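Peer 1: Encoded as structure tokens, here's the structure I'll be asking about.
Just so you know, all these numbers are worked out from the coordinates, no wet-lab data involved. All figures in this text were calculated on a predicted structure; none of them were measured in a lab. Note that we place each Cβ from the backbone using ideal geometry, even for glycine, and neighbour counts take in every protein chain shown.
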């Protein structure tokens, strides 16, 4: 299996040294895949206010793997994102193999299974929400008052259920469920 790596810079010139370093590090992910089918890997490098962020997305026909990491050093950001991708893949390999067993492009190579002392994620709490109709400004206020990272509400402007959430960079996002 070979990763088809596409690298793009946003407000940064991606030098040959950066490309070579990324290729070398991303090759570590090859060991987790059995099939000889090529998988596309998109990398975006961004620089904003001395924060050098690397975003990696690996789209497949059934799901996407996506990570983003940033620091003041680009090479450190690359190292962090590769480690994070490996942890994500190892942690979810059984779940992904069981769920997508008929998707040959994401059958993990169990020869390279590393033992983790982590238990799989389990749902430990369920809530039923009685969402109140409100606009986005009121939802933002409610989320801040509750000190939550997300807030679900009936959006009166969109006439649907919406999820307001806080992004890693501190800005807000909204998901509308139709």
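Peer 1: Residue 156 to residue 122: extension gain in nm, 0.36 nm per residue of separation minus the Cα-Cα distance?
Peer 2: Here the answer is 8.9 nm.
Peer 1: Find the Rg to Rh ratio for segment 133-177, where Rh is the Kirkwood radius over alpha-carbon pairs and Rg uses the same atoms.
Peer 2: We get a ratio of 0.94 for segment 133-177.
Peer 1: Between residue 19 and residue 130, take the C-beta separation as r, use R0 = 41 Å, and let me know the FRET efficiency to the nearest 0.05.
Peer 2: That gives a FRET efficiency of 0.20.
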